[in-house]
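Undergrad: Have a look at this one before I ask anything.
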Amino acid sequence: MRLVTFHRPVTDAKPVMDRRNGGDEIGALVDDGVLDLRAAAPELPPSMLDLLRMEEAGLALARAAAEARPPRLPLDEVELRAPLPRPNSLRDFMLVEEHVRNSLGDVPAEWYEIPVYWKGNPDTVLGPEATVPWPPYTEKLDFELEVGAIIGRRVWRASVAEAGAAIAGYTIFNDWSARDIQFREMRVGLGPGLGKDFATSLGPCLATREEFDIATARMAARVNGEVWAEGGLGSMLYSFPEVVAHLSQEQPLLPGDVLGSGTVGRGCGLELERWIAPGDVVELEVQGIGLLRNVVGARPAGSPAESITRRREHA
């Protein structure tokens, strides 16, 4: 099952949708449309986050609604949002050695000993077809080809087996990066901050566990139709269940938390020494999940240095 959050634009010919969630609704993505799950099961909550908070009962209810042959809405009549327009939290890891080596030059010994991550901004999540803002402080905007695991059950001090069962499903995770400011921030020993916080794209769906095989799924990144990267996540040093078990040692993980895999090897412009430009169309495709497409926005006028840097003058 591939669950989506969708929006039906209001026209005179269409009924007003449920307003409790800002007009968003829950559906199931099929080849030629979206199944309107709440038409078959009005008791479904109005948001994906609320559905996940129902844990296994919520997914079972959604699956039953999809099997009940609800109305099918053509894709050209709906707008797909990020499956979780506002996740409970975002964490992004670096789990593929080739990406670490290509990005940093040397792989720190600690990388082999502990899964490390940074925390993203859940308030700047974008969905399919959204325009990605070009921050005024960067000259090197980049994409990253990743997968995100979505937590569907509260876990604390979980075993690896328990952690795996807590994953509701997966989505495509595009970790947009302002590379120049990112590396400046990280030289201080913290971050990234502004280098990442402006945008993360998720979508087009939440593919439940049976839909997606992370060990074999092929992944690709295209810019303006040209293939820039291909690969997979079969070589992750730590599996997602191991990551969840590690995180849950002294903090609870909650439904709606999203964990990024980190980039596949050569899955971003930094590794390829190629850079996207305003107006580019970036497509990430992952077997079993689908296609996530975004357009790169216009570059603001003005100097990036002037917008982000304050220099201290010395006598």
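The values are calculated or read from the model by the stated rules, or taken from the named source; none is laboratory data. These numbers were taken from a predicted model, which means no experiment stands behind them. As a convention, Cβ positions derive from the backbone with ideal geometry for all residues, glycine included, and neighbour counts pool all protein chains shown.
Undergrad: Cβ-Cβ under 8 Å, sequence separation 6+ or interchain: first residue in the range 142-163 and touching a residue at least 40 places away in the same chain (Cβ under 8 Å) and outside any strand (DSSP E or B), partner surrounded by fewer than 16 Cβ atoms within 10 Å (Cβ to Cβ) and of a type in the set (Val, Ile, Thr). Which pairs?
TA: Close Cβ pairs (under 8 Å, with a partner that is surrounded by fewer than 16 Cβ atoms within 10 Å (Cβ to Cβ) and of a type in the set (Val, Ile, Thr)) do not exist here.
Undergrad: Being outside the structural domain of Arg187 (by TED's automatic domain parsing) and surrounded by 16 or more Cβ atoms within 10 Å (Cβ to Cβ) is true for just one of Leu145, Leu73. Which residue is that?
TA: Exactly one residue qualifies, and that residue is Leu73.
Undergrad: Yes or no: the range 90-102 includes at least one residue that is of a type in the set (S, T, N, Q) and under 27 Å from Cys205 (Cα atoms).
TA: Start the filter on the range 90-102 by keeping residues that are of a type in the set (S, T, N, Q), which leaves 102.
This time we only want the ones that are under 27 Å from Cys205 (Cα atoms), so: none.
No - not one qualifying residue is present in the range 90-102.
Undergrad: Any idea which of (1) without any contact (Cβ under 8 Å) to a residue 24 or more places away in the chain; (2) touching a strand residue (DSSP E or B) at 6+ places or on another chain (Cβ under 7 Å) is the one Leu284 doesn't satisfy?
TA: The number of the failed condition is (1).
Undergrad: Which of (1) in a helix (DSSP H, G or I); (2) on the phi > 0 side of the Ramachandran plot does Gly189 not meet, given it meets every other one?
TA: (1)
Undergrad: A further question on this structure: Select, from Leu3, Leu44, the only residue that is modelled with pLDDT of 95 or more, surrounded by 15 or more Cβ atoms within 10 Å (Cβ to Cβ) and assigned to a loop (DSSP other than H, G, I, E, B).
TA: Numbers: Leu3 fails: assigned to a loop (DSSP other than H, G, I, E, B).
Answer to the check: Leu44.
Undergrad: Given the condition closer than 27 Å to His7 by Cβ and either assigned by TED's automatic domain parsing to the domain that holds Gly152 or not hydroxyl-bearing (Ser, Thr, Tyr) (or both), answer yes or no: does some residue in the range 242-255 qualify? Step through it out loud before you land on a result.
TA: We begin by selecting, within the range 242-255, every residue closer than 27 Å to His7 by Cβ; these are 254-255.
Next cut, either assigned by TED's automatic domain parsing to the domain that holds Gly152 or not hydroxyl-bearing (Ser, Thr, Tyr) (or both) only: 254-255.
Yes: the range 242-255 contains one or more residues that are closer than 27 Å to His7 by Cβ and either assigned by TED's automatic domain parsing to the domain that holds Gly152 or not hydroxyl-bearing (Ser, Thr, Tyr) (or both).
Undergrad: Any idea how many residues of the range 22-33 are out of contact with any helix residue (DSSP H, G or I) (no Cβ under 7 Å at 6 or more places or on another chain) and crowded, with 18+ Cβ neighbours inside 10 Å?
TA: Number of matching residues: 2.
Undergrad: Listed residues Ala166, Ala158; which is buried (at least 17 other Cβ atoms within 10 Å of the Cβ) and more than 26 Å from Ser201 (Cβ to Cβ)?
TA: Of Ala166, Ala158, the one residue that is buried (at least 17 other Cβ atoms within 10 Å of the Cβ) and more than 26 Å from Ser201 (Cβ to Cβ) is Ala158.
Undergrad: Further, regarding this structure: What pairs come up if the first residue lies in the range 43-59 and is on the phi > 0 side of the Ramachandran plot, the second is modelled with pLDDT of 95 or more, and their beta carbons are under 8 Å apart, counting only those six or more places apart or on different chains?
TA: Glu55/Gly152; Glu55/Arg153; Glu55/Arg154; Glu55/Pro255
Undergrad: Looking at (1) at pLDDT below 95; (2) small (Gly, Ala, Ser); (3) part of a loop (DSSP other than H, G, I, E, B), find the lone condition where Ala82 falls short.
TA: If we test Ala82 against (1) at pLDDT below 95; (2) small (Gly, Ala, Ser); (3) part of a loop (DSSP other than H, G, I, E, B), just (1) comes out false.
Undergrad: Going residue by residue through the range 27-37, is there one that turns out to be part of a helix (DSSP H, G or I) and outside the structural domain of His246 (by TED's automatic domain parsing)? Write out each step before concluding.
TA: Pass one, the range 27-37, residues part of a helix (DSSP H, G or I): 37.
After this cut, where a residue has to be outside the structural domain of His246 (by TED's automatic domain parsing) as well, the list is 37.
Scanning the range 27-37 turns up at least one residue that is part of a helix (DSSP H, G or I) and outside the structural domain of His246 (by TED's automatic domain parsing).
Undergrad: Working only within the range 185-208, note down all residues that are in contact with a Gly (Cβ under 9 Å, 6 or more places away or on another chain) and modelled with pLDDT of 95 or more. I'd like the intermediate steps shown before the answer.
TA: Initial filter on the range 185-208 (in contact with a Gly (Cβ under 9 Å, 6 or more places away or on another chain)): 185-186, 196-197, 200-208.
Selection gives Lys196, Asp197, Thr200, Ser201, Leu202, Gly203, Pro204, Cys205, Leu206, Ala207, Thr208.
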